[in-house]
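Undergrad: Okay, here's the structure, questions in a sec.
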Amino acid sequence: MQQSPISDHYEAFLEQHSLRGSPAIEDERNVIHWSREAVTAVNGGYGQLSEPQFLQWPAVGLLLNLLHRAFEHLDAAIVNFTTGSAISSEGLSRATVELAVSIRYILAGQPETRVAAFLAHYVDVEERRLRHWQEEVASLSEPARHVHHQEIERRRTWVVATGDLVKRLRQEFTTCGAPPLAETWPNIGERFRAIGESVSYRTFYARMSSQVHSDAEETIRYLVARVGDDAMLAQRMAAETIWFSRLGLYFAAQCFLSASEDYCRCYYMKQAMTRLRAGQRIIEDELRSTATKVMVA
């Protein structure tokens, strides 16, 4: 495993989250450094783009926003893991992975067309949700139904306005040279498949989804430990849980750096790509080391 880098990112992390240094946080100096270094590198590359490039690539700013959102999930996952909430960090790691995969999927095609599909999908989902909401309140009393209908119409105003905005944005993209064809937004499994990560979807991502959906796995593990009355087994299972949470964290970091690198490649940010590749190697080393710990535990 490579030595942790010396930088201001670690101190910035502590200050931002009102934390004091501890062995648990110190152990994760690599992921703290490289997640923040990725943001710094991408922001630097974005800041060097010219006005003609912004006109040529109208989705570049929206994709930067998505990368920033992914970083916020990852940063929160690091905070959770290093402050004693390892299991909860898995949910945030999963959110990081899903958004990073979406960004990579967008960048693997025509970015403007796929960004438009991403936004239009949100509108479609909200319209469907409003229809279902209205159907569910049909059997309520008139006063209760009236309150719900008011809120449904309030929300519908926003959804309609958003739909109009997406249509205008799609027209602007077409004016800038994007193909006029409308894409549909695929489900998460298809997005993984489209970027060549089907195995990750069936392994890492599927396991990380366990905590988000609160499935029975942890309850079964608890039951096995208690019924077995084996203190050593209980300790091994507890260790495996922690190491798997760390594995999920570093997998999320790897996905985030990959999305950041794809962004830099798409927009010809060569200097940033060099820095990101250095971080990728270190994060991958941590990932392999942690995987070994999971198997041993």
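Undergrad: Springs between alpha-carbon atoms under 10 Å, Gaussian network over the chain: tell me which of 191, 281, 114 tops the mean-square fluctuations.
TA: 281
Undergrad: Using packing as a proxy for protection, rank 248-261, 172-185, 67-80 so that the peptide with the highest average count of other Cβ atoms within 10 Å comes first.
TA: Peptide ranking by packing, descending: 248-261, 67-80, 172-185.
Undergrad: At 222 nm, what helix-only mean residue ellipticity would the chain give, in deg cm²/dmol to the nearest 500, using -39500 (n - 2.57) for each DSSP H run of four or more?
TA: Rounded to the nearest 500, the figure is -26500 deg cm²/dmol.
Undergrad: Starting with the fewest neighbours, write out 81, 54 ranked by other beta-carbon atoms found within 10 Å of each beta-carbon.
TA: Listing 81, 54 from fewest to most nearby Cβ atoms yields 54, 81.
Undergrad: Viscosity 1.306 mPa s, temperature 10 °C: give me the Stokes-Einstein translational D for the chain in µm²/s, with Rh taken as the Kirkwood radius over C-alpha pairs.
TA: Result for D is 74 µm²/s.
Undergrad: What distance in nm separates the two pseudo spin-label positions at residue 212 and residue 154, each 7 Å out from Cα along the beta-carbon direction?
TA: The modelled label-to-label distance comes out at 2.9 nm.
Undergrad: Report the FRET efficiency, 1/(1 + (r/R0)^6), for residue 12 and residue 239, where r is their Cβ-Cβ distance and R0 is 30 Å, rounded to 0.05.
TA: 0.45
Undergrad: Given Cβ point charges of +1 (Lys, Arg) and -1 (Asp, Glu) and nothing else, what value in debye, to the nearest 20, does the dipole of the chain about its Cα centre take?
TA: 500 debye
Undergrad: Report the one residue of 273, 132, 224 whose Cα lies farthest in the direction of the positive end of the charge dipole of the chain (charges on C-beta: Lys and Arg +1, Asp and Glu -1; origin at the Cα centre).
TA: The listed residue farthest towards the positive side: 273.
Undergrad: What is the extension gain from residue 172 to residue 68, computed as 0.36 nm multiplied by their sequence separation minus the C-alpha to C-alpha distance, in nm to one decimal?
TA: Roughly 35.1 nm would be gained on extension.
Undergrad: With unit charges on the beta carbon (Lys/Arg positive, Asp/Glu negative), name the residue among 187, 110, 18 whose Cα is farthest towards the positive pole of the charge dipole of the chain.
TA: Positive-end residue among those listed: 110.
Undergrad: Any idea what diffusion coefficient the range 111-178 gets from Stokes-Einstein, in µm²/s, Kirkwood Rh on alpha carbon pairs, 4 °C, 1.567 mPa s?
TA: It comes out at roughly 96 µm²/s.
Undergrad: Next question, about the same structure. Output the DSSP H helices from the chain with an along-axis C-alpha extent of no less than 15 Å and a mean Kyte-Doolittle hydropathy no less than 0.5.
TA: Both cut-offs are met by 60-82, 86-108.
Undergrad: If you don't mind, another one. Expressed as a whole percent, how much of the Cα-Cα distance distribution for the range 147-280 exceeds 19 Å?
TA: For the range 147-280, the fraction of Cα-Cα distances above 19 Å is 73 percent.
Undergrad: Using only the alpha-carbon atoms, what does the range 52-155 span along each of its principal axes? Please give whole angstrom values in decreasing order.
TA: That gives 53, 46, 19 Å along the principal axes, largest extent first.
Undergrad: Would you order 155, 275, 246 from fewest to most other beta-carbon atoms within 10 Å of each residue's own beta-carbon?
TA: In increasing order of surrounding Cβ atoms, one gets 155, 275, 246.
Each value in this text was obtained by applying a stated rule to the coordinates, not by laboratory testing. Just so we're clear, the structure is a prediction, and the values are computed from it rather than from any experiment. Backbone-built Cβ (ideal geometry, glycine too); neighbour counts: all protein chains shown.
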